[in-house]
Amino acid sequence: MGDDLEKVLVTEEQIKDRLRELAAEIDADYAGRELLLVGVLKGAVMVMADLARELHHPCAMDWMAVSSYGAGTTSSGVVRILKDLDIDIKDRNVLVVEDVIDSGLTLSWLVGNLKSRGPASVEICTMVRKPLAFEVDLGVRYVGFDLPNEFIIGYGLDYAEKYRNLPFIGTLAPHVYQG
Ligand code: PRP
Ligand code: MN
Ligand code: MG
């Protein structure tokens, strides 16, 4: 790791505090209703695990994996399912959990796909939202942190599959991706 990290943007403690606040909101909002958390592999693993443990509300958990597009790649807006849900979400309250919304393409497709399955509701919770996400009409219900458009890593977020296990969110030093 060493000098691959440029600076820390959100500390481990800030993440924990914010998740506790979001969990309290979610507990209140879903009182009296069943809740199904849907994590988007692989980035959402950390936030799913920590958010679920901050919730007092009982919840089920399931996972999806979808193909997505790297920065700079032109997108047709079509996303492919690599691993589908195990659970039938008809009439269920679905809360999609993400590590980051960047262009918003992944989630706008995913939410449309999930809504076509007849759930009672579909909402979104993301640890990080980047500025581009505002250009897509997603209606994100729960946001951990709004961060600037920098190359961020840690807490599930990877660069070439590395750095996901950092307990904080930071920026990647340019020399790493500039070679
Ligand atoms: C990242 C991130 C989100 C998505 C956000 O996943 O975890 O799922 O991209 O980007 P968008 O808003 O521009 O669509 P990625 O495809 O890198 O897979 P990963 O979760 O396995 O890292
Ligand atoms: Mn992801
Ligand atoms: Mg990734």
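Between Thr11 and Arg53, residue separation times 0.36 nm minus the direct Cα-Cα distance comes to 13.2 nm.
Among DSSP bridges having both ends in segment 83-179, what percentage is antiparallel? Round to the nearest 5. Taking every DSSP beta bridge with both residues in segment 83-179, the antiparallel ones total about 25 percent.
Could you compute the net charge surrounding Thr11? Neighbours are other residues with a C-beta less than 12 Å from the C-beta of Thr11; K and R count +1, D and E count -1. In short, 0. For a modelled paramagnetic label at Tyr177, 7 Å from Cα along Cα-to-Cβ, the residues of segment 138-159 in reach, with backbone nitrogen under 14 Å, are 148-154, 157-159.
The order of Asp27, Asp99, going from fewest to most other C-beta atoms within 10 Å of their C-beta, is Asp27, Asp99.
When you filter the GluC sites (Glu not before Pro) in segment 16-108 for DSSP loop state and at most 11 other Cβ atoms inside 10 Å of their Cβ, nothing is left. Rounded to 0.05, the FRET efficiency of the Glu25 and Lys90 pair, given R0 = 30 Å and the Cβ-Cβ distance, is 0.70. Listed by chain and number, the aspartates and glutamates whose alpha-carbon sits under 13 Å from that of Lys115, ignoring those within fewer than 8 places in the same chain, are Asp88, Asp91, Glu123.
With the biggest extent put first, the Cα atoms of the chain measure 49, 38, 27 Å across the principal axes. The slack in the chain from Asp158 to Asp62, taken as 0.36 nm per residue of separation less the alpha-carbon distance, amounts to 32.4 nm.
In this structure, the amide hydrogen of Ile124, modeled 1.01 Å from its nitrogen in the peptide plane, lies closer than 5 angstrom to those of Val96, Arg141, Tyr142, counting only residues at least 5 positions away or on a different chain. In a shell of Cβ-Cβ distance under 15 Å around Val176, excluding Val176 itself, what net charge do Lys and Arg (+1) and Asp and Glu (-1) give? So the surrounding residues net to -3. In straight Cα distance, which lysines are under 17 Å from Lys162, not counting same-chain residues fewer than 8 positions off? The reachable lysines, counting only those whose Cα sits under 17 Å from Lys162, are Lys7, Lys42. Counting every other Cβ atom within 10 Å of each residue's Cβ, Phe134, Phe168 order from fewest to most as Phe134, Phe168.
The numbers here are math on the coordinates, done by the rules we state, and not lab data. Small disclaimer: the values here were computed from a predicted structure and weren't measured. Neighbour counts are summed over all protein chains in view; Cβ atoms, including those assigned to glycine, are modelled from backbone coordinates with ideal geometry.
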